[in-house]
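Data first, discussion second: the structure below is written as structure tokens.
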Amino acid sequence: METLSIQTRRRNEFVDITPLVRESLRRSGVTSGISVVYCPHTTAAITINENADPDVVHDMLAYLNRAIPKEQPDFRHGEGNSDSHIKASLVGPSVTLLVEQGALVLGRWQGVYFCEFDGPRSRTVHVQILGK
Amino acid sequence: METLSIQTRRRNEFVDITPLVRESLRRSGVTSGISVVYCPHTTAAITINENADPDVVHDMLAYLNRAIPKEQPDFRHGEGNSDSHIKASLVGPSVTLLVEQGALVLGRWQGVYFCEFDGPRSRTVHVQILGK
Amino acid sequence: METLSIQTRRRNEFVDITPLVRESLRRSGVTSGISVVYCPHTTAAITINENADPDVVHDMLAYLNRAIPKEQPDFRHGEGNSDSHIKASLVGPSVTLLVEQGALVLGRWQGVYFCEFDGPRSRTVHVQILGK
């Protein structure tokens, strides 16, 4: 398992970590199997989405911030970041990527994103690679 | 890894791919482990839901189309399918199924669905099976 | 693969199953790899979220119940639990946890939750562990 470091710069932000995940795979020497990218934080997540047009990420953040506002009736959590926890749980704490011929099997437009929902913060991501 | 082909027929549609995933497992000869079903598209996803009553899928699509409308304030992405990208990211790009005694471990009512959010299109799904 | 039993007590409820998942890992003897926690039900799910302050779970349930109400226009499914199926599919049927040095690699505040969306019921969860 490898642990990668990420510095986020805004409260809500998607950081393209595809290059980091590719380098981690290269170091492992695995040519066929899976790579699990895991977020150990409860106010951040991992997802896959288009990395060609940055407007896609803009629009997804716009939707999430509108659908899951920071202040909501009957919220109790004292830290004021319940929205961050909800976004993290819905987007999900990990992605499982496929590996073939020593490379990540990503679709033409796919990138792997670290999703910050309570930044800016110094964050980490774990990568576990299984296969041969 | 195997790649399966799927033809979708509507903009938003769930296609039951459980039989395809079962056949892929059979060909692999693996009897204990996991089967990762992965969608390489950024406007489609994979999920598990009830496959007995088709009304369950109808109701989930009705909810998604209402909760994530095609047109939204401050959307920028020029292709007009930001809703498709958001649905794809929230439903998720893959499912990890368990394998025991040479069979998929699915609950009594569970089926594996390819979720089209920007069809109709010709699509592919990758299946990676790990185990022994 | 191991199957664990869970008894839920409310219609919507998150049950912390981290101790059960830890015991399952210990019994496996695996020291490096992954542990897949899988829900075979179509009206329940698995997620990871904070387990320090119970208000986080309270707030997430409050959000889900408001965002995905039980009664919605054009719902057809006769059992009246379409909301449960939608919540289950969006939260997701499984989590993939990392294993290193014989332990689950969980962040400081992370716990593994069984998410009941149509209880109370007697439920099961499967755990499949891969690695060495």
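The values are calculated or read from the model by the stated rules, or taken from the named source; none is laboratory data. The model shown is predicted, which means the values in this text are computed figures rather than measured ones. Methodologically, a virtual Cβ is constructed for each residue, glycine included, from the backbone with ideal geometry; neighbour enumeration extends over all protein chains shown. These accessible areas exclude ligands, DNA and RNA; they are computed on the full protein's heavy atoms, side chains included. Shrake-Rupley method; radii C 1.70, N 1.55, O 1.52, S 1.80 Å.
The table for this structure:
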quantity: Shortest-first distances to equivalent copies, position A:Glu100, nm, label 7 Å out along Cβ; calculated: 2.9, 2.9
quantity: Label geometry 7 Å along the beta-carbon vector: B:Gly78 inter-copy distances in nm; calculated: 5.1, 5.1
quantity: Segment B:1-67: trypsin sites (Lys or Arg not before Pro) in DSSP loop, at most 12 other beta carbons within 10 Å; calculated: B:Arg9, B:Arg10
quantity: Choice from B:Ser84, B:Ser28, B:Ser122 showing the highest fluctuation, given a GNM over chain B with Cα pairs closer than 10 Å; calculated: B:Ser122
quantity: Nearest-10 value in Å² for the accessible area of C:Ile48, using the 1.4 Å probe; calculated: 10
quantity: Cβ-vector label at 7 Å, A:Gln7, separations to other copies in nm; calculated: 5.3, 5.3
quantity: Rounded, prolate or oblate (a/c below 1.5 giving rounded, otherwise prolate when a/b exceeds b/c) for the protein assembly as shown by Cα gyration tensor; calculated: rounded
quantity: Net charge over other residues, Cβ less than 11 angstrom from the Cβ of B:Gln72 (K, R count +1; D, E count -1); calculated: -1
quantity: Cα centroid separation - segment A:1-71 against segment C:62-108, whole Å; calculated: 21
quantity: Percent of Cα pairs exceeding the 16 Å cut-off, where the set is segment B:66-128; calculated: 60
quantity: Sequence of B:Met60, A:Met1 from largest to smallest accessible area, 1.4 Å probe; calculated: A:Met1, B:Met60
quantity: Cut-off 14 Å between beta-carbons: net charge of the residues surrounding C:Val36, Lys and Arg +1, Asp and Glu -1; calculated: -2
quantity: 13 Å Cα-Cα reach of C:Lys70 towards aspartates and glutamates, excluding residues that sit fewer than 8 places from it in its own chain; calculated: B:Asp59, C:Glu79, C:Asp83, C:Asp118
quantity: Dimensionless Rg/Rh of segment B:1-68 - Kirkwood Rh, Rg from C-alpha atoms; calculated: 1.00
quantity: Where GluC sites (Glu not before Pro) fall in DSSP loop in segment C:48-132, at most 16 other Cβ within 10 Å; calculated: C:Glu71, C:Glu79
quantity: Cβ neighbours within 10 Å from other chains - mean over B:43-55; calculated: 4
quantity: Net charge dipole size for chain C [Lys, Arg +1 and Asp, Glu -1 on Cβ; Debye, nearest 20]; calculated: 340
quantity: Between 0 and 90°, nearest 10: helix A:82-91 axis offset from chain A longest Cα axis; calculated: 30
quantity: For residues of B:107-117, the mean tally of beta carbons on other chains within 10 Å; calculated: 2
quantity: Cα-derived Rg to Rh of segment A:1-120, Kirkwood definition; calculated: 1.01
quantity: Other-chain or far-sequence residues with amide H under 5 Å of C:Asn12's (modelled H); calculated: C:Gly119
